[in-house]
1. Is the shape of region 44-120 best called rounded, prolate or oblate, per the rule: a/c under 1.5 gives rounded, else a/b larger than b/c gives prolate, else oblate, with a ≥ b ≥ c the square roots of the Cα gyration tensor eigenvalues?
2. Probe 1.4 Å, all protein chains in place: accessible area of Phe122 in Å², nearest 10?
3. Among Leu158, Val182, Val133, pick out the residue whose Cα is farthest towards the positive end of the charge dipole of the chain, where Lys and Arg carry +1 and Asp and Glu carry -1 on C-beta, about the Cα centre.
4. Report the full-extension gain for the segment Glu77 to Leu160: residue separation times 0.36 nm, less the Cα-Cα distance, to one decimal in nm.
5. Run the dipole for the chain about the Cα centre, Lys and Arg Cβ at +1, Asp and Glu Cβ at -1, nothing else charged, and hand back the magnitude in debye, nearest 20.
6. What's the FRET efficiency of Asp170 with Asp18 using the Cβ-Cβ distance as r and R₀ = 25 Å, to the nearest 0.05?
7. Using a probe of 1.4 angstrom, how much of the accessible area of the chain is carbon and sulfur, in percent?
8. Sequence gap of 8 or more, or different chains, plus Cα separation below 26 Å: how many lysine pairs satisfy both in region 68-153?
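The values are calculated or read from the model by the stated rules, or taken from the named source; none is laboratory data. Predicted, not measured: the structure shown is a model, and the values here were computed from it. When we count neighbours, we look across all protein chains shown, and the Cβ atoms used for this are built from the backbone with ideal geometry, even at glycine. In case anyone asks, the SASA skips ligands and DNA or RNA and just uses the protein heavy atoms, side chains included. Shrake-Rupley method; radii C 1.70, N 1.55, O 1.52, S 1.80 Å.
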Amino acid sequence: MDTEDFNGSSALIARVKDYAKAVLTKERYEHLVRVAETAFRLCKKYGLDASRGYLAAIAHDMCKDMSDEKIAALAREDGKAITPLEAQKLSLLHGRAAAVMLRVDFGVTDNDILQAVAVHTFGEEGMCSLSKVVYVADKIEPGRPQMTKAYSASLESLSLDELVEKVLADGIAYLKKKGCAVAPESERLLRSLNCR
């Protein structure tokens with residue numbers, strides 16, 4: 001992936017990729033790469049810094065294969081409360097844990113990158129454009145079963161907010177159909193997008 005250099009981002013991206021490759025399963029690492037490439041493309045499409053998108057996306061699941069206890073311990077370092085849904089399934093904290101690790105272990109101070117990593121699972125009302133890109137990239141990377149040619153084509157002409165709204169609404173409908181809980185953060189985000 002050809003990334004522009006923002007304050008040494010190429011070296012930082014390489015460090016994060018090396019870490020992720022060392023600790024994640026082969027399948028999870030391949031997902032990370034597909035999400036990063038999707039985020040890079042979406043950033044270019046919507047006028048955002050593609051190297052920042054790639055970095056956030058390559059880091060978003062780097063804690064996913066840790067034990068629930070380690071994920072929760074890292075996530076608590078962000079100072080935010082653990083929601084009831086997160087408490088029921090501690091692995092849902094992996095994005096928050098990865099944002100802490102990115103800040104503490106890799107020295108990332110860019111708040112948009114940290115937010116994009118932290119909120120990629122549920123989304124968050126008022127999230128920045130970079131967070132929207134990483135959220136969507138995680139859900140529509142080419143390895144996802146719903147990413148047929150027809151579905152992909154239906155997304156092409158959408159604005160960034162329309163893309164988030166479509167992907168989020170489809171995700172919520174899927175969870176409800178399966179009888180799974182929907183995060184309140186996701187529902188608030190969808191309502192905020194519906195009210196634009």
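1. The shape class here is prolate.
2. 30
3. Projecting each Cα onto the dipole axis, the largest value belongs to Val182.
4. Between Glu77 and Leu160, full extension yields 26.8 nm more.
5. The dipole of the chain has a size of about 520 debye.
6. Computed FRET efficiency for Asp170 and Asp18 comes out at 0.15.
7. Carbon and sulfur: 52 percent of the exposed surface of the chain.
8. Here the count comes out as 10.
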